[in-house]
Amino acid sequence: MQLYNTLSAEERAQLIDEAGKERLTLSFYAYAKIKDPKKFRDDLFIAWNALDALGRIYVAQEGINAQMSVPADQFEEFRETLEVYDFMKGIRLNVAVEQDNHSFLKLTIKVRNKIVADGLNDDTFDVTNKGVHLKAQEFNDMLEDPNTIVVDFRNHYESEVGHFEGAITPDVENFRESLPIINDQLQDFKEDKNLLMYCTGGIRCEKASAYFKHQGFKNVFQLEGGIIEYTRQIKEENVKSKFIGKNFVFDHRLGERITDDIISQCHQCGKPCDNHTNCANDACHLLFIQCDECKSAMQNCCSSECLEITHLPAAEQLRLRKGAKVGNKVFRKGKSDALTFKNSGQLPEKPLAKVEPKGIRQKIAVKKTLIGKAEHYYTKSKIAQFLLEKELSVGDKVLILGPTTGEQEFTIKEIFVDGKSVDIAKSKDQITFVLPFRIRLSDKLYKIL
């Protein structure tokens, strides 16, 4: 039986659009003792593939960690596939604050040594001996206690765009780096301080809370369900948010806005901004913060060197990166000398600017008219395909809008119809043109008036 993906991301996106069904982005985790992770992985793939559930899932002998996209009308059927296992009965599913039908486009389930890499080799460490879970209001109350130390157990690129007031935000690139740093920093507070911790969905600080109890800390607490569940609770209970800014998430959206505070800067010009971009250079893909102006000027690139490379023929780009070890750049997110205004560690708590909460990307206030819809994006050649509803000419300023793509404004320099370059394309023409960023089938093409 098929236990792997056979469709590309583009093919899957097209099927999702054609189905016309709403999907739910969610996450969950559970620490448990799993004897045969490989069989567990295969059983999950068979059950979830049948439901058209997509996502990125890690399983190990210590449990499961999942970020997923599930058809909304099969949510209960999906829950039933979890209830089969005793350790997942009644498990909390963290439903995303903002939804996107294209948040995940493949079902990837991988067997790992651990679901959260911690760098520990200690057989006496019991990950299930966790700290006390706190709900949103309880967490807020403890933040007010002067006897409390609060620690952000996320990475530098996450905390930079949003964090809790007064939190220690370690300048780390992964979870395993933070454990010894925080342990060393707080040695003098084991007995008398409340150690309060949080992360995105709860999985990292659950392991961290067990680790610090193992290290002898007496009063260890964690935010139940992480920032995702905290946000749901404060909205339902009308509780004031002690979290400021945006919550970074690990899917195509790259963020959910929690408050209208912008606490970070564009890494290229220093303008208040908290929108992440993946560098368009396939040999880089560095994750960094980029404002709309720099995005347009730099064409989604992190540096002039990367911009020059993206303008080379596809074959030449492939030749340049052949054999190069570029994986570290992908996972060392946001660490580059080219990023002049990158900040880590001690982060501001006062906002640099405010935005209206209108989703991941703020609406661009321009007069525009809808002229077409996306049909395809040819990744290797970086060519977009649209079906026109109205006329389009070379030199026209256009805007591409989409829930994942955001808002991209640029000037049309060349249009192709049936493979031939034209100055004017007409209604019902299927057009293509070079585009430095990926588009999706939910994207719309507008002419700026």
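So, in the range 148-159, of the ones that are in a loop (DSSP other than H, G, I, E, B) and touching a residue at least 60 places away in the same chain (Cβ under 8 Å), which residue ends up surrounded by the fewest Cβ atoms within 10 Å (Cβ to Cβ)? Give the derivation first.
Initially, the range 148-159 is screened for residues in a loop (DSSP other than H, G, I, E, B), giving 153-155.
Those left that are additionally touching a residue at least 60 places away in the same chain (Cβ under 8 Å): 154-155.
Values: R154: 26, N155: 24.
The selected residue is N155.
Name the one entry in A283, A314, A374 that is crowded, with 18+ Cβ neighbours inside 10 Å, at pLDDT 75 or above and among the aliphatic types (A, V, I, L, M).
Values: A283 fails: crowded, with 18+ Cβ neighbours inside 10 Å; A314 fails: crowded, with 18+ Cβ neighbours inside 10 Å.
Being crowded, with 18+ Cβ neighbours inside 10 Å, at pLDDT 75 or above and among the aliphatic types (A, V, I, L, M) holds for just one of A283, A314, A374, which is A374.
Name, by its number, the condition in (1) touching a Gly at 6+ places or on another chain (Cβ under 6 Å); (2) farther than 22 Å from R92 by Cβ that does not hold for G162.
(2)
Please pick out the residue among D145, D171, D192, D184 that is open to solvent by 40 Å² or more (accessible area, probe 1.4 Å) and free of Cβ contacts under 8 Å to residues at least 24 places away in the same chain. Spell out how you get there, then give the answer.
Details: D145 fails: free of Cβ contacts under 8 Å to residues at least 24 places away in the same chain; D171 fails: free of Cβ contacts under 8 Å to residues at least 24 places away in the same chain; D192 fails: free of Cβ contacts under 8 Å to residues at least 24 places away in the same chain.
So the residue among D145, D171, D192, D184 that is open to solvent by 40 Å² or more (accessible area, probe 1.4 Å) and free of Cβ contacts under 8 Å to residues at least 24 places away in the same chain is D184.
Considering (1) closer than 15 Å to R154 by Cβ; (2) open to solvent by 10 Å² or more (accessible area, probe 1.4 Å); (3) not charged (D, E, K, R), say which one N219 fails and leave the rest.
(1)
One line per residue, one yes/no per condition, for (1) within 19 Å of K380 (Cβ to Cβ); (2) buried (at least 19 other Cβ atoms within 10 Å of the Cβ):
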position: T405; (1), (2): yes, yes
position: K413; (1), (2): no, no
position: K426; (1), (2): no, no
position: S442; (1), (2): no, no
position: K447; (1), (2): no, yes
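Against the conditions (1) of a type in the set (A, V, I, L, M, F, W, C); (2) open to solvent by less than 20 Å² (accessible area, probe 1.4 Å); (3) out of contact with any His (no Cβ under 9 Å at 6 or more places or on another chain), where does I244 fall short? Just the number, please.
In the conditions (1) of a type in the set (A, V, I, L, M, F, W, C); (2) open to solvent by less than 20 Å² (accessible area, probe 1.4 Å); (3) out of contact with any His (no Cβ under 9 Å at 6 or more places or on another chain), I244 misses (3) alone.
The values are calculated or read from the model by the stated rules, or taken from the named source; none is laboratory data. Owing to the predicted nature of the structure, the values given are computational and were not obtained by experimental measurement. Please note: Cβ atoms are built from the backbone with ideal geometry, for glycine as well, and neighbour counts cover all protein chains shown. Please note that ligands, DNA and RNA were not included when accessible areas were found on the heavy atoms of the full protein model with its side chains. Shrake-Rupley method; radii C 1.70, N 1.55, O 1.52, S 1.80 Å.
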